[in-house]
1. For region 39-60, enumerate the residues that are free of Cβ contacts under 8 Å to residues at least 60 places away in the same chain and closer than 23 Å to Tyr346 by Cβ.
2. Taking the condition of being outside any helix (DSSP H, G or I), open to solvent by less than 50 Å² (accessible area, probe 1.4 Å) and either on the phi > 0 side of the Ramachandran plot or aromatic (Phe, Trp, Tyr) (or both), how many residues in region 415-439 meet it?
3. Could you check, for region 103-112, whether at least one of its residues is of a type outside the set (Gly, Ala, Ser), surrounded by fewer than 23 Cβ atoms within 10 Å (Cβ to Cβ) and farther than 24 Å from Pro167 by Cβ?
4. How many residues does region 260-291 contain that are more than 25 Å from the chain's Cα centre (by Cα), open to solvent by 60 Å² or more (accessible area, probe 1.4 Å) and touching a residue at least 40 places away in the same chain (Cβ under 8 Å)?
5. I'd like the full set of residues that are touching a helix residue (DSSP H, G or I) at 6+ places or on another chain (Cβ under 8 Å) and surrounded by fewer than 17 Cβ atoms within 10 Å (Cβ to Cβ), limited to region 342-359.
6. Given the conditions (1) small (Gly, Ala, Ser); (2) under 11 Å from the mean Cα position of the chain (by Cα); (3) part of a loop (DSSP other than H, G, I, E, B), and given that Ser314 satisfies all but one, which numbered condition is not satisfied?
7. For region 317-341, enumerate the residues that are outside any strand (DSSP E or B) and either out of contact with any helix residue (DSSP H, G or I) (no Cβ under 7 Å at 6 or more places or on another chain) or not hydroxyl-bearing (Ser, Thr, Tyr) (or both).
8. Let me spell it out: the conditions are (1) in a loop (DSSP other than H, G, I, E, B); (2) at pLDDT below 95; (3) open to solvent by less than 60 Å² (accessible area, probe 1.4 Å), and Asp153 meets all of them except one. Which number is the exception?
Amino acid sequence: MKFIYKICLLLLVISCSGQSNSNIDKNLTTKADEINEIISLYADYGSFNGAVAVSHQGAIVYKKGFGFANMEWDIANEIDTKFQIASLTKQFTAMLIMQLVNEGTLDLQKPIAAYLPNYPKDNANKITIHQLLTHTSGIPNVKSDKKVNRPEDMVNQFANKPLKFIPGTNFDYSNSGYTLLGFIIEKVTKKPYQKILQEKIFDPLKMENSGFYKHRPIIKKMSSGYTTWYPEYFDVDKSDESSAYSAGGLYATVEDMLLWNKALTNESLLPKKYMDIIFTKHSPDGDGHYGYGWELRKMRIGNTSKRIETIGHSGRISGYRTSIVRIPETNSCIILFSNSGNAKLYGIIKSILAILNDKTYDFPLKPITLFMDRIIAKEGIDKGISFYKANSKNAEYHVSEDELILSGYYFLKKDSFDEALKIFKLATEVFPDKYNPHFSYAEGLLKIGKKK
C-alpha cells in the first residue's frame, strides 16, 4: 500500500495527503523531493501560485515556479519571474539607513529634525531614526484612499497627525514610519530612493532582476497579481503602487533574493558590527521581536513542539503574498513569492523547516469542495454531491462553508441551476444552523421562479 501511495504521488495523483510524514517512513528520499512534494500539494489545492527558493547550510537546495505568472495567457511562473515583494522592502530600506550610519551621514539616536528641517517640529524633535526602524516612533500607520507617488506628498499625509504614543514607549507597526525613512534617505543623499538603492545594493550584489515597481513602465517577466473568490481568480487593481515606496514598493525574483540572503551572511554590504545591530531584538512584537526591518521570532518546526530561531519578514500587497525566513543556526533560507492573495505561506514554511531539520510535518488537508467540483466536471453533479457527503467527516479533508456556497454561486452565475440548487441544498444539510446556506438556497430557488 505504501508503494502504491508513493507511485501515486510521483504521478501527481493525490491520495492520503492528510496523513502525517514520519522520519522512519520517508515517501521521498531527498530534501528537494520532499519540498517539491509538499509545495506541489499546496499548488494543486489552489493554495500556492508563485515561486520558491530554498537554501540550506549555505547551498541552494531547491528552486521552482508553480502556477501562472499570467493566467490570461497561461504563462508559467519561473524562478526568474518578478513579483512585488511588499513589506520585504523594509529590510532594504533598513540596510540603506545603516550604510549611511556607517558612512557617518546619519545618527540612529539623533532626532529626525536634524535631517528634515521642514517636518513639524513638535514631532521631529521627539522621534529618532532608531524609533522609525523599530516601529516605536508613534507615527500612525496612515492609509489614504488618495494615491500619491511623490515622497513629499506621501509624508504630508501623516506629518501633522498626532503621535499614537510617546516615541520609544510602545510598538506599533507603521508603514508610514518606513515611508519617512525613505524620505530621509533622499534628503541626505540628494538622490531618489530607487537610485541610491540601485547604487548601494542591487548593483553591488548583481541583483539584476530587482527594482522599484511602477505600474506604467513595461517590466520584462513581471507577474500579474490576482485575488480569488472561490473557485475563480480575478485581476487586482493595477493602479500605481509606487505609493508603497520605501515601505513596500520593490519587486524581485526568488533568485535575486538568494543573492540578498548570501550578502546578509557576510560583510559585502556592511561591517559585522552594524549587521549585528540590524538583527538585534530591539522591540517586542507579539510572540517575537522587531529588529531593523526584520522580525525575529521562534517558529514551529512542522507538527512538532520544537521551535527554532528565525529572522524573517512577510509581505502583503494587492494580489501578492511574500515571505523570507532565514535560519541562522543552519545557515538556511526559505523564500516564497506568490502572485495570488490566497497563498498559505505559513503552512508551507513550517513544513519546509521540518524537512530541513529532519522533523515530522503534516500534509495540507484536501479542500473537499475543490475535489467535489472536479468530480462534477467529470462525472456530473450527483456523483459530486455523493462524494461530498461520503467524505465530509473524513479527517483528510478541509470543510469550508464559504467555499461550498461560492461553488453554488459559480454554477448559478453560469445558469447551471440544477447544479447550483443541489449544492445549496447540500450546504443547508452540512451547515443546518448557519444563515448563509439557507439564504443562498432561497436565492437559487427564486432564480427558477420558486418564490414560495
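1. Ser40, Ala43, Asp44
2. Total satisfying the criteria: 1.
3. Yes: one or more hits.
4. Within region 260-291, residues that are more than 25 Å from the chain's Cα centre (by Cα), open to solvent by 60 Å² or more (accessible area, probe 1.4 Å) and touching a residue at least 40 places away in the same chain (Cβ under 8 Å) number 1.
5. Once the filter is applied, which keeps residues that are touching a helix residue (DSSP H, G or I) at 6+ places or on another chain (Cβ under 8 Å) and surrounded by fewer than 17 Cβ atoms within 10 Å (Cβ to Cβ), region 342-359 yields only Lys344.
6. (3)
7. Ser318, Gly319, Pro328, Glu329, Asn331, Asn339, Gly341, listed by residue number.
8. (1)
The values are calculated or read from the model by the stated rules, or taken from the named source; none is laboratory data. Predicted, not measured: the structure shown is a model, and the values here were computed from it. Cβ sites come from the backbone with ideal geometry, for glycine too, and all protein chains shown count toward neighbours. Remember, those area values only see protein heavy atoms, side chains included, never the ligands or the DNA or RNA. Shrake-Rupley method; radii C 1.70, N 1.55, O 1.52, S 1.80 Å.
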